[in-house]
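Written out below as structure tokens is the structure these notes cover.
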Amino acid sequence: MRLPLLVFAFTFITSVASAGEITISREEFVAVTELKALKENPKNAKVPEAKLKQQASKTAGLKPQDFDAAQKKMDVFGGELGKKAEAVLKQKLEASILGKRTGTVVVDVSQAHVVVGVSWKQGNVLDLEDEAATVAGIVKEEVPFVATLAVWATDAGEKKVFSAKIGHAPMQNINLAKIKDYAKTRYIKFFEEVKRGAEAQAADDKK
């Protein structure tokens, strides 16, 4: 009887670990990414790694003594951090008010400035602020190392009817439990370059 219990416990722990949250902070991501860039620079070929770590930590605003822990967090994902973040986001977004209307979910981790892009099909036009704030709240919680979030909603013909951007700092002010109370009056003000209707598509056409 003991063996099956041990097998069950191991399976349970493994499943929890595989479904664990991404806890890499913005500072940790920037520090580790910056170190990689410094090491790839030929000018730093003879610079001790310890010194490069200090420089990378300073750039990111991370305490030097916390660098190794940040590196371990990143190493867990190997080169799959972006894909993992996309999968987690898509799951959370589809479980939100967006549901199956969730469209593009992209997490670009190719640079220290991580950009996340999320789109969805418009439902009720009166819900766009709630939906945008919901996306920002979920991204804040699931991809804590995000620098900029770009959101857009499209109509049935794939034309943009809403678009906006929000940075890491203002994103921290969004509380998912308060979306209904503040999305239209407070949270939407944290977004930049907010465009609606034909203006959203026109701005996209100019790119």
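The values are calculated or read from the model by the stated rules, or taken from the named source; none is laboratory data. Keep in mind that this is a model prediction, so the values were computed, not measured. Reconstructed Cβ throughout: ideal geometry from the backbone, glycine too, with neighbour counts over all protein chains shown. Side chains included, ligands, DNA and RNA excluded: accessible areas come from the protein's heavy atoms. Shrake-Rupley method; radii C 1.70, N 1.55, O 1.52, S 1.80 Å.
Quick notes on this one:
- The portion of the accessible surface of the chain made up by carbon and sulfur, rounded to a whole percent, is 56 (1.4 Å probe; DNA, RNA and ligands excluded).
- Model label sites at residue 159 and residue 87, defined 7 Å from Cα along the beta-carbon direction, differ in position by 3.8 nm.
- Axis of helix 2-18 versus longest Cα principal axis of the chain: the two differ by about 60°, to the nearest ten degrees.
- In the context of the full set of protein chains, residues of the chain present 59 Å² of accessible surface per residue (probe radius 1.4 Å, heavy atoms only).
- Per-residue extension of 0.36 nm, minus the Cα-Cα distance of residue 150 and residue 108, leaves a gain of 14.0 nm for this segment.
- Charge dipole of the chain (Cα centre as origin; +1 on each Lys and Arg Cβ, -1 on each Asp and Glu Cβ, all else neutral): 300 debye, rounded to the nearest 20.
- The mean of 1/r over all pairs of different alpha-carbon atoms in the chain, once inverted, gives a Kirkwood hydrodynamic radius of 18.9 Å.
- Over the chain: helical MRE at 222 nm, DSSP H runs n ≥ 4 each giving -39500 (n - 2.57), nearest 500: -14500 deg cm²/dmol
- Exposed GluC sites (Glu not before Pro) absent: longest stretch of the chain, with sites in DSSP loops and at most 10 other Cβ within 10 Å deemed exposed: 22-157
- At full extension, residue 100 and residue 54 could sit 12.1 nm farther apart than now, given 0.36 nm per residue minus the alpha carbon distance.
- Radius 14 Å from Cβ of residue 175, net charge of other residues (Lys, Arg +1; Asp, Glu -1): +1
- On Cα atoms only, tilt of 26-40 relative to the major axis of the chain in degrees: 60 degrees
- Given charges at Cβ of Lys, Arg, Asp, Glu: the chain dipole, positive-most of 163, 201, 138: 138
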